[in-house]
Amino acid sequence: MTELLTGAQIICRTLVDAGVEVMFGYPGGAIMPFYDALHGHAGLRHILVRHEQAAAHAADGYARAGNRVGVCVATSGPGATNLVTGLAAAHMDGSPVVAITGQVARPMLGRDAFQETDVVGVTMAVTKHNVLVRDVEDLADDVREAMAIAMEGRPGPVLVDVPKDVQNQKAEYRSRKDPLRSRDREPDAPVDQEAVKEVARLIAEAERPLLMIGRGVIVSGAYAEVRRLAERTGMPVITTLLGISAFPQEHPLHLGMPGMHGEVHINKAIQAADLIVGIGMRFDDRVTGNTATFAPRAKIVHIDIEPAAIGRTVRVAVGIVGDARDVVQRLLAAVEPRNCMPWRTEISGLMRQREETFAGGLSPDVILDALADVTGGRCTIVSDVGQHQMWIAQRYPFQRPNTHITSGGLGAMGFAVPAAMGVHVARPDEPVWAISGDGGFQMNMAEIATMVQEGLEVKLAIFNNGYLGMVRQWQQFFHGGRYASTPIWSPDYVKLAGAYGIPGWRVEQASQVQDALRQANETPGPALVELVIEQEANVFPMIVPGGSLSEPLEAAPA
Ligand SMILES: Cc1ncc(C[n+]2csc(CCOP(=O)(O)OP(=O)(O)O)c2C)c(N)n1
């Protein structure tokens, strides 16, 4: 049955038919017909954020936590340009976000009309696909296709820009429930079975093999399969920043995070390995350091759904294009059981207790151990960007899949607070903590109002060191200790919480941490805990940017 609907109504109906239940957005002139249609539309919840960047990050958090498309909405011009950072973050980390933006009416296009920005032009490089809808007859297909493209292959953001007059035009709408598929999508190439056999052979022959896994393992739901592969072959497992929580943190085969802030024994293992099987990760520069010196003895196998990722940064002996779960299932059928015991013993021999770098005061380790205790390890942590992000990645004992969410590729400060709102909406029954530095928190702290207005139970922790800590660390190490514009003043966060009507705690002593985190965790609704940590604490170990994994810094350079 077809119905005559306005473009705005068509967007709503297409989203509902595609399974969308919620969106994050902010209205304005060019998107008003859509908001009018949305008003009271059955089955669609709209969450009003305080800045469009937060809408994009929230949609991203929702998408990552729910493994489904997250939708954000903005008006033309400044509304749309405010989305850009969030789209870029989703693009870098492969998160399926669909942005709907209003655009000036077609007769005004190209005339520098009020709030006109060429949003398709602006977002070209930070989306998988984008489209300006010039005809209401195309609108339903364009929105459906956006939903499909966002999820297909390596997921990513798609933007649909809809001129105001197209939102007002009428067209026939036919409800469709058939699976979403982009129009010109080629059938997936079959997995190269010979390559799978070759990888099984390389695993059998290697003396020092490693598995290195990324977010692709989470996206494809290959958690159990990868664990089985590790257990069957005895291969130690390295999780990239975005691969954290793709493997049980405390599993005996789990090593941890590689690269710039990876533990010394992990990077040493990479440098000694004769085989690295990378799954659903992209060998980015924070992982490899200088690629000329990365894993000099290793043959590299790269399994990824994105053909362009294979061989992009490192030389690959065998590349397999495919979904991580599918490929790992095939590998499981092809590998012979072994246990790699001598190699595992060798790596254990490289491990040693790292010096506590905290000269007293409140240490991140104490905080993260207390949080694990208080939440029974059952929470999702959304980290922001900086030192605290690395401490969390190094320390928190993630036990369940997809419970660590962060802006890895773009490293967008301000991500944690809004993304955690999205995580909460996708998984309302599970506790979620947004952990930020005092810098990143101040970028999007206005979203506390969104949490209060919409009843979003997000717990907020701020690691307050009085600095833009990670940049200060680089200044200390590489810029002669000149702290140019990194000391950062903060408001009284407890009073700030009070102004929003939510409870807040300020913690300065290790003895108070557990109590404050417990109370925040148990109090219904949003809550805030400020943790005053040592001001000049550093993240160790560290590989100098562009340096070799073989040369970690374990203390500040003299
Ligand atoms: C939007 C944005 N601007 C600037 C940066 C550069 N940057 C990376 S880490 C960092 C410092 C973060 O400070 P803070 O939020 O206090 O966290 P900390 O490092 O102290 O844990 C900065 C400025 C960034 N990553 N993102």
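The values are calculated or read from the model by the stated rules, or taken from the named source; none is laboratory data. Bear in mind that the values here come from a model prediction, so they are computed numbers and not experimental data. Note that we place each Cβ from the backbone using ideal geometry, even for glycine, and neighbour counts take in every protein chain shown. Note: accessible area is taken over every heavy atom of the protein model, side chains too, but ligands, DNA and RNA are not part of it. Shrake-Rupley method; radii C 1.70, N 1.55, O 1.52, S 1.80 Å.
So that you can scan it fast, the table gives a plain yes or no per residue for (1) assigned to a helix (DSSP H, G or I); (2) touching a Lys or Arg at 6+ places or on another chain (Cβ under 6 Å); (3) open to solvent by 10 Å² or more (accessible area, probe 1.4 Å):
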| position | (1), (2), (3) |
| --- | --- |
| A8 | yes, no, no |
| A42 | no, no, yes |
| S76 | no, no, no |
| S95 | no, yes, no |
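Pick out the one residue from L4, L15 that is surrounded by fewer than 19 Cβ atoms within 10 Å (Cβ to Cβ) and either of a type outside the set (D, E) or in a helix (DSSP H, G or I) (or both). Lay out the reasoning, then the answer.
Details: L15 fails: surrounded by fewer than 19 Cβ atoms within 10 Å (Cβ to Cβ).
Of the residues listed, the single one that is surrounded by fewer than 19 Cβ atoms within 10 Å (Cβ to Cβ) and either of a type outside the set (D, E) or in a helix (DSSP H, G or I) (or both) is L4.
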* Unmet criterion (only one of (1) touching a strand residue (DSSP E or B) at 6+ places or on another chain (Cβ under 8 Å); (2) over 28 Å from N538 (Cβ atoms); (3) among the aromatic types (F, W, Y)) for F283 -> (2)
* List the number of the failed condition for D365; all other conditions in (1) closer than 24 Å to I238 by Cβ; (2) open to solvent by 20 Å² or more (accessible area, probe 1.4 Å); (3) modelled with pLDDT under 95; (4) not in a helix (DSSP H, G or I) hold. => (4)
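Please determine whether any residue of region 528-537 is charged (D, E, K, R) and in contact with a helix residue (DSSP H, G or I) (Cβ under 9 Å, 6 or more places away or on another chain). Write out each step before concluding.
In the first step, residues of region 528-537 are kept if they are charged (D, E, K, R); the result is 530, 534, 536.
When the remaining residues are screened for being in contact with a helix residue (DSSP H, G or I) (Cβ under 9 Å, 6 or more places away or on another chain), the result is 530, 536.
Checking region 528-537: at least one residue is charged (D, E, K, R) and in contact with a helix residue (DSSP H, G or I) (Cβ under 9 Å, 6 or more places away or on another chain).
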* Just need a number here: residues in region 391-414 that are within 13 Å of the ligand (Cβ to nearest atom), surrounded by 24 or more Cβ atoms within 10 Å (Cβ to Cβ) and more than 19 Å from R282 (Cβ to Cβ). => 2
* Structure fact -> If we keep only residues of region 368-388 that are open to solvent by less than 20 Å² (accessible area, probe 1.4 Å) and touching a Gly at 6+ places or on another chain (Cβ under 8 Å), then the residue farthest from the ligand (Cβ to nearest atom) is V382
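I'd like to know if region 313-326 contains one or more residues that are assigned to a helix (DSSP H, G or I) and within 16 Å of the ligand (Cβ to nearest atom).
no
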* Go through the residues of region 327-334 one by one and say whether even a single one is within 14 Å of the ligand (Cβ to nearest atom), of a type in the set (A, V, I, L, M, F, W, C) and without any contact (Cβ under 8 Å) to a residue 60 or more places away in the chain. => no
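Which members of region 57-102 meet the condition of being β-branched (V, I, T), farther than 22 Å from V136 by Cβ and without any contact (Cβ under 8 Å) to a residue 60 or more places away in the chain? Let's see the steps before the verdict.
Step one: list which residues in region 57-102 are β-branched (V, I, T), which gives 69, 71, 73, 75, 81, 84-85, 97-98, 100-101.
This time we only want the ones that are farther than 22 Å from V136 by Cβ, so: 69, 81, 84-85, 97.
Residues satisfying the conditions are T81, V84.
Residue-wise test of (1) among the polar types (S, T, N, Q); (2) assigned to a strand (DSSP E or B); (3) in contact (Cβ under 8 Å) with a residue 24 or more places away in the chain; (4) touching a His at 6+ places or on another chain (Cβ under 6 Å).
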{"site": "G121", "(1), (2), (3), (4)": "no, no, no, no"}
{"site": "E145", "(1), (2), (3), (4)": "no, no, yes, no"}
{"site": "A150", "(1), (2), (3), (4)": "no, no, yes, no"}
{"site": "P155", "(1), (2), (3), (4)": "no, no, yes, no"}
{"site": "V160", "(1), (2), (3), (4)": "no, yes, yes, no"}
{"site": "D165", "(1), (2), (3), (4)": "no, no, yes, no"}
{"site": "P179", "(1), (2), (3), (4)": "no, no, no, no"}
{"site": "P190", "(1), (2), (3), (4)": "no, no, no, no"}
{"site": "K197", "(1), (2), (3), (4)": "no, no, yes, no"}
* Asked: So which residues in region 436-460 are more than 19 Å from the chain's Cα centre (by Cα), within 16 Å of the ligand (Cβ to nearest atom) and charged (D, E, K, R), if there are any at all?
  -> D438
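For region 269-286, which positions are part of a helix (DSSP H, G or I) and open to solvent by less than 10 Å² (accessible area, probe 1.4 Å)? It would help to see each step written out before you state the result.
Our first condition is that a residue be part of a helix (DSSP H, G or I); within region 269-286, this holds for 269-272, 285-286.
Answer for region 269-286, where residues must be part of a helix (DSSP H, G or I) and open to solvent by less than 10 Å² (accessible area, probe 1.4 Å): A269, I270.
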